[in-house]
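The structure appears right after this line, and notes come after that.
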Amino acid sequence: MSHTEPLTATITVDHTPEEVFAAVTDVRGWWNANIIGATAALHDEFVFTDDSKYPGEAARSGDGIRFCRFRITEVVPGARMVWHVVDAHLDFIADHDEWTGTDVVFDITATPAGTTLNFAHRGLTSESECFQACSRGWTFYITKSLPQLLATGTGDPIAKY
């Protein structure tokens, strides 16, 4: 991977683009039950807070995303959603605001196999300090929790605390 390529994850599921889009907007259902704010419409802002580490790793003080504020900057129902990171503080890396100014992009496309979701966290690359940990986290939530939400109605987000 070249240093200019963003962090990405892709899934194909047996659901309509509209169902996948609806699941993406249910951020509390697949990423973090502690989201504060609205997560579906253009210009909505929401805050992510995390007192745990990534799935499968022990929670320790100073290991999470203390705060991340997103603004939804693009919404094309059934096709695309973009979250812009307005402000962030990541405790587990030296550059605490590495996410600030980045974009989280969800591109949804109908395919013969169902619907493909191409996810990218633009601005995070293999040279980013959090790349490995963030890649593990996003990969889990995009390839495991989001499809689980679609299939069963219940994802595996960070639990409410």
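The values are calculated or read from the model by the stated rules, or taken from the named source; none is laboratory data. All values derive from a computational prediction rather than experimental measurement. Every residue, glycine as well, gets a Cβ built from its backbone with ideal geometry; the counts of neighbours run over all protein chains shown. Note: accessible area is taken over every heavy atom of the protein model, side chains too, but ligands, DNA and RNA are not part of it. Shrake-Rupley method; radii C 1.70, N 1.55, O 1.52, S 1.80 Å.
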Residue check for V85: assigned to a strand (DSSP E or B), surrounded by 15 or more Cβ atoms within 10 Å (Cβ to Cβ) and modelled with pLDDT of 95 or more: yes
Search result, residues across region 10-54 that are free of Cβ contacts under 8 Å to residues at least 12 places away in the same chain and either at negative phi or open to solvent by 50 Å² or more (accessible area, probe 1.4 Å) (or both): A22, A38
Check on F67, open to solvent by 30 Å² or more (accessible area, probe 1.4 Å), touching a helix residue (DSSP H, G or I) at 6+ places or on another chain (Cβ under 7 Å), at pLDDT below 95 and within 20 Å of N34 (Cα to Cα): no
Scope region 88-100; condition of a type in the set (A, V, I, L, M) and at pLDDT 90 or above; matching residues: A88
Neighbours by Cβ (under 7 Å, 6+ apart or cross-chain): first from region 65-82, touching a residue at least 24 places away in the same chain (Cβ under 8 Å) and under 11 Å from T100 (Cα atoms); second of a type in the set (D, E, K, R) and open to solvent by 10 Å² or more (accessible area, probe 1.4 Å): R69/E45; R69/D87; F70/E45
Filtered residues of region 101-138 (kept if open to solvent by less than 60 Å² (accessible area, probe 1.4 Å), polar (S, T, N, Q) and either in a strand (DSSP E or B) or at pLDDT 95 or above (or both)): T102, T111, T115, T116, T125
Positions within region 83-106 being acidic (D, E) and in contact with a strand residue (DSSP E or B) (Cβ under 7 Å, 6 or more places away or on another chain), in sequence order: D87, D91, D97, E98, D103
